[in-house]
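Just below is one structure, and these are the notes that go with it.
The values are calculated or read from the model by the stated rules, or taken from the named source; none is laboratory data. Quick caveat: nothing in here was measured; it's all calculated off a predicted structure. A quick note on method: Cβ atoms are made from the backbone with ideal geometry, for glycine too, and the neighbour counts reach across all protein chains shown.
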Amino acid sequence: MTSPIAHAGHWAVTVAYFVPVVAFAAWLGITQWRERRRGRRKGGSG
Amino acid sequence: MIPFAHGLVGRADLPIPEWLFGWGAAMVLVVSFVALAVLWPEPRLQQEGWRPLPGGVGRVLASRPVEIVCAALGVFVLGLVVYTGLRGTQTPTANFAPTFIYVIFWLALVPASVLFGDVFRAFNPWRAIGRAIAWLARVAVRGELPAALAYPERLGHWPAVAGIFAFAVMELVASSGDRPENLAIATLVYSVATFIGMALYGVEGWIERGEAFSVYFNLFSRLSPIETRGGVVGLRRPLSGLPALRPLPGTVPLLAVMIGSVTFDGAAEAPFWTNIAPDIAQFFQNLGLSPQSALELTFLVGLIGAILLVYGFYRLGVLGAKSVGGGFTAARLARAFVHSLVPIALAYVAAHYLTLLLFQGQAVGFLASDPLGDGADLFGTADSQIDYGVIGASATWYWQVGFVVAGHVIALTLAHDRAIAIYDNAKLAVRSQYWMLAVMVGFTSLALWLLSLANA
């Protein structure tokens, strides 16, 4: 059986295609989290 | 599984790696998103602004003689496809029917619809036959026919979903889906189903909502600035045809089938699929299926998986848009933004099938001369050959990237315009579009990755 590492080049290229999606999803997640935290703080102070 | 090759040669002279084009495409989308948020504060596409073509040209183009000629041509080609499929050689590449159905009808009509409007409506053979029969029946009874049944609202676009899915199964799953005889029989079966639908719900009632190919090509034609209204061909504001689309039950699944089937066609060449497909097929064989049935079922599973993936991805974007507030249900948002999936479907079709259309489309030159594949030479072109030099590998890639980027920028524009039309708060509208941007970036990356596999 061939080790998965032997195909690392193929996997790396595939992953490279989806780096923008992962980066954007991460940014979106952080933005959502900050918005919610800001909302909770406003709710708490109000 | 049709044997036509999509991409034939590799690319060695690109200045940067292919995956870097994906990054560039994502950046173009982000920049477009920011530009739309700043420079597009009011809805501009919700009104079509339709006006007839000047000088009476619009009336001539949609006149009764032109209509009859187009309809007769459509009926003739339908008959030719069935005849050649049943009576001609059963070698798919030597018979007129497979190339006509899979390349000219299925692919070439897409750009034709985008450029010239709903041309399939004019050539639709089933509509032509249905209208002719209705006219003959009116003459025979010397009066009006009984009114057709009201089209059930719940049925929506679901018959079209079933039709397009069945076509995708024929093209991508059935091992003998390119056999001319099978295609002719499938055409006859579909014709009968269409005539039953038209008999029940009226010709136009069925054509507009239930007839799969009418709905399919009409969606693409909404990208065109050309539209026929009231028997007159006219022009409307570019991109304004899609916001006017009235989503019905089944519209979102229909778009998912359209995009998902192309996705599967590309993914079927990916190593992860070619690695797991034999294992899935073996599983089905162990259940008692023949090797061929097991393989077909495996591909059916893959096709359904790709469609569900696309559907799920869109639903995820919609749920994200819902989470920003505004008081909309997920179902309402899914319907509101579904029109933005049409340019994505176009981008997928145009990019993925570009070479198939340009190369195999030329085969019509010799197949028209020898439609049965029996050595005839009706127009003296039976010896013509496919010129594979019409487009190079690098040029193909650039065109494909261009289609993908343009399609997604248009999708983004349509979604943005709809968001600012339905949200009271401009800030909420933009925030809801973060999620649609995520969907677009995802579809763009997926498209370019699939293309890189298909062309490898």
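Here are some notes:
- Applying the criterion of being touching a Phe, Trp or Tyr at 6+ places or on another chain (Cβ under 7 Å) and surrounded by 16 or more Cβ atoms within 10 Å (Cβ to Cβ) to the residues of segment B:383-403, the residue that is farthest from B:GLY88 (Cα to Cα) is B:VAL401.
- Per the listing B:PRO180, B:PRO146, B:PRO152, B:PRO159, the residue uniquely in contact with an Asp or Glu (Cβ under 9 Å, 6 or more places away or on another chain) and over 22 Å from B:CYS70 (Cβ atoms) is B:PRO159.
- Residue, nearest to B:ASP424 (Cα to Cα), within segment B:37-91, restricted to residues that are of a type in the set (Ser, Thr, Tyr) and surrounded by 14 or more Cβ atoms within 10 Å (Cβ to Cβ): B:SER63
- Of the helices (runs of 4 or more DSSP H) lying entirely inside segment B:34-107, those carrying at least 3 residues that are of a type in the set (Gly, Ala, Ser) are B:64-87.
- Failed criterion for B:ALA351 (all others in (1) within 21 Å of B:ALA166 (Cα to Cα); (2) within 19 Å of the chain's Cα centre (by Cα) hold): (1)
- Among the candidates B:ALA35, B:ALA108, the residue that is within 26 Å of B:ILE259 (Cβ to Cβ) and either without any contact (Cβ under 8 Å) to a residue 24 or more places away in the chain or over 23 Å from the mean Cα position of the chain (by Cα) (or both) is uniquely B:ALA35.
- Within the option set B:ALA294, B:ALA270, being at pLDDT 95 or above and among the small types (Gly, Ala, Ser) holds for one residue only, B:ALA294.
- B:GLY79 being more than 14 Å from chain A (Cβ to nearest Cβ) and out of contact with any Asp or Glu (no Cβ under 9 Å at 6 or more places or on another chain): yes
Okay, residues lined up against (1) more than 10 Å from chain A (Cβ to nearest Cβ); (2) aliphatic (A, V, I, L, M); (3) farther than 28 Å from B:GLN46 by Cβ; (4) in a helix (DSSP H, G or I):
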residue	(1), (2), (3), (4)
B:TYR398	yes, no, yes, yes
B:PHE403	yes, no, no, yes
B:HIS408	yes, no, no, yes
B:THR413	yes, no, no, yes
B:ALA429	yes, yes, no, yes
B:THR444	no, no, no, yes
B:TRP449	no, no, yes, yes
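- Qualifying residue in segment B:398-405 (condition: closer than 29 Å to B:THR99 by Cβ, in contact with a Lys or Arg (Cβ under 9 Å, 6 or more places away or on another chain) and hydrophobic (A, V, I, L, M, F, W, C)): no
- Screening B:ALA421, B:ALA438, B:ALA376 for residues that are in contact (Cβ under 8 Å) with a residue 60 or more places away in the chain, away from chain A (no Cβ under 14 Å) and among the hydrophobic types (A, V, I, L, M, F, W, C) leaves exactly one candidate, B:ALA421.
- Qualifying residue in segment B:283-297 (condition: in contact (Cβ under 8 Å) with a residue 60 or more places away in the chain and either within 14 Å of chain A (Cβ to nearest Cβ) or within 30 Å of B:LEU341 (Cα to Cα) (or both)): yes
- Residues within segment A:1-22 that are modelled with pLDDT of 80 or more and more than 12 Å from chain B (Cβ to nearest Cβ), tallied: 0
- Verdict on A:ALA25 being surrounded by 10 or more Cβ atoms within 10 Å (Cβ to Cβ), under 17 Å from B:ALA270 (Cβ atoms) and either within 11 Å of another protein chain (Cβ to nearest Cβ) or at pLDDT below 80 (or both): no
- Per the listing B:GLY325, B:GLY317, the residue uniquely outside any helix (DSSP H, G or I), within 14 Å of chain A (Cβ to nearest Cβ) and small (Gly, Ala, Ser) is B:GLY325.
- Pick from segment B:1-30, criterion under 23 Å from the mean Cα position of the chain (by Cα) and small (Gly, Ala, Ser), ranking: modelled with the highest pLDDT: B:ALA25
- Restricting segment B:261-313 to residues that are charged (D, E, K, R) and surrounded by fewer than 18 Cβ atoms within 10 Å (Cβ to Cβ), the residue that is nearest to B:ALA334 (Cα to Cα): B:GLU269
- Pair list, Cβ < 6 Å and 6+ apart or interchain, from segment B:266-281 residues that are over 17 Å from A:VAL15 (Cβ atoms) to residues that are surrounded by fewer than 16 Cβ atoms within 10 Å (Cβ to Cβ): none
- Residue in segment B:134-156 that is farthest from B:TYR353 (Cα to Cα), counting only those that are hydrophobic (A, V, I, L, M, F, W, C) and touching a residue at least 60 places away in the same chain (Cβ under 8 Å): B:ALA134
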